[in-house]
Amino acid sequence: MVEFAAKVAAATTFEEMQNVINESVSEIGLMEFMRLDHGAILAKAGVDCDPKSVRVIMGNPLIMQANSGTTARTIWLSAKFCAAMSCRRGS
């Protein structure tokens with residue numbers, strides 16, 4: 001995600017950002033943003049049934065843009081800001 005965020009931040013046009021996103025999505029057109037292992041937390045909390053639970057946060061920024069009803073320029077600027085903030089946090 002850090003490399004992706006840096007590439008999005010480096011994009012100077014919406015078209016460049018589209019290329020970065022298209023290179024980063026899976027064969028089904030989605031990318032994984034975060035994986036949370038709830039099972040590991042439950043196991044550490046003492047649940048003794050060997051819990052298996054994972055939450056996966058995934059999507060496609062271009063699909064979000066198409067469904068949001070806002071302009072491409074607004075989405076590009078928002079993504080660039082978020083990517084810059086992510087790089088500053090080191091995540």
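Every residue, every condition in (1) modelled with pLDDT under 90; (2) part of a strand (DSSP E or B); (3) within 11 Å of the chain's Cα centre (by Cα), yes or no:
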{"position": "THR12", "(1), (2), (3)": "no, no, no"}
{"position": "GLU16", "(1), (2), (3)": "no, no, no"}
{"position": "GLY29", "(1), (2), (3)": "yes, no, no"}
{"position": "MET34", "(1), (2), (3)": "yes, yes, yes"}
{"position": "LEU42", "(1), (2), (3)": "yes, no, no"}
{"position": "VAL47", "(1), (2), (3)": "yes, no, no"}
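Just need a number here: residues in segment 1-10 that are over 20 Å from VAL56 (Cα atoms) and outside any helix (DSSP H, G or I).
The qualifying residues number 0.
The values are calculated or read from the model by the stated rules, or taken from the named source; none is laboratory data. Keep in mind it's a predicted model, so treat the numbers as computed, not measured.
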